[in-house]
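Some notes on the structure that comes next.
Where a number appears in this text, it was derived from the coordinates with a stated rule and is not lab data. Bear in mind that the values here come from a model prediction, so they are computed numbers and not experimental data. Note that each Cβ is placed from the backbone with ideal geometry, even for glycine, and that neighbours are counted across all protein chains shown.
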Ligand code: F6R
Ligand code: ZN
């Protein structure tokens, strides 16, 4: 039997649609305690969009399954800090993930459990393997939408609490109009 899937992924724009697809939006009001300048964040319109995630769920959060998603981080800053995702470790720490750049310019911040950090440049066509035990956060350093694809084990889960509590060891700030990696610890 031959059937057409009604789920579509338009790879060039990162547009995901059809059955099993859902979207969630993170606005300024959801991101208390994430940015360096909390005072600047609290003065902004809490409804302002920072990023959205569109994902395809074919199997639920079962072991052995996969999720597929597209993250779109809006251009913007809170104080001097570029718009970014909350960032997380996977709850099952050994679960890895692929990201790939679709549109826009940004950085992928990576941090291991001993808080060793590094950043990879994200641009259309860049491929990023995020190994297990590694927290990850996307930062939009450009003037247009940063669009990034992702595929990860569906039982990975998200541990946001450790990042909410301890942050990343690196921040990305606009210094004289250029993105700069600034150590956040010590
Ligand atoms: C899934 C994953 C991405 C992120 C998305 C939003 O494991 O890494 O789909 O969930 O980029 O970022 P967070 O989840 O940190 O708000
Ligand atoms: Zn992840």
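Calculate the translational D of the chain in whole µm² s⁻¹ from Stokes-Einstein, where the hydrodynamic radius comes from the Kirkwood formula applied to all Cα pairs, the temperature is 10 °C and the viscosity 1.306 mPa s.
On the way: Rh = 17.0 Å.
For these conditions, the coefficient is 94 µm²/s.
Quickly rank 7-18, 23-34 as a protection proxy: mean count of other C-beta atoms within 10 Å, highest first. Intermediate results must be reported in sequence, preceding the final value.
Numbers: 7-18: 13.8, 23-34: 15.6.
Descending mean neighbour count gives 23-34, 7-18.
Taking the highest mean first, how do the peptides 83-92, 37-46 order by number of other beta carbon atoms within 10 angstrom per residue?
Details: 83-92: 20.1, 37-46: 13.4.
Ranking, from highest mean packing down: 83-92, 37-46.
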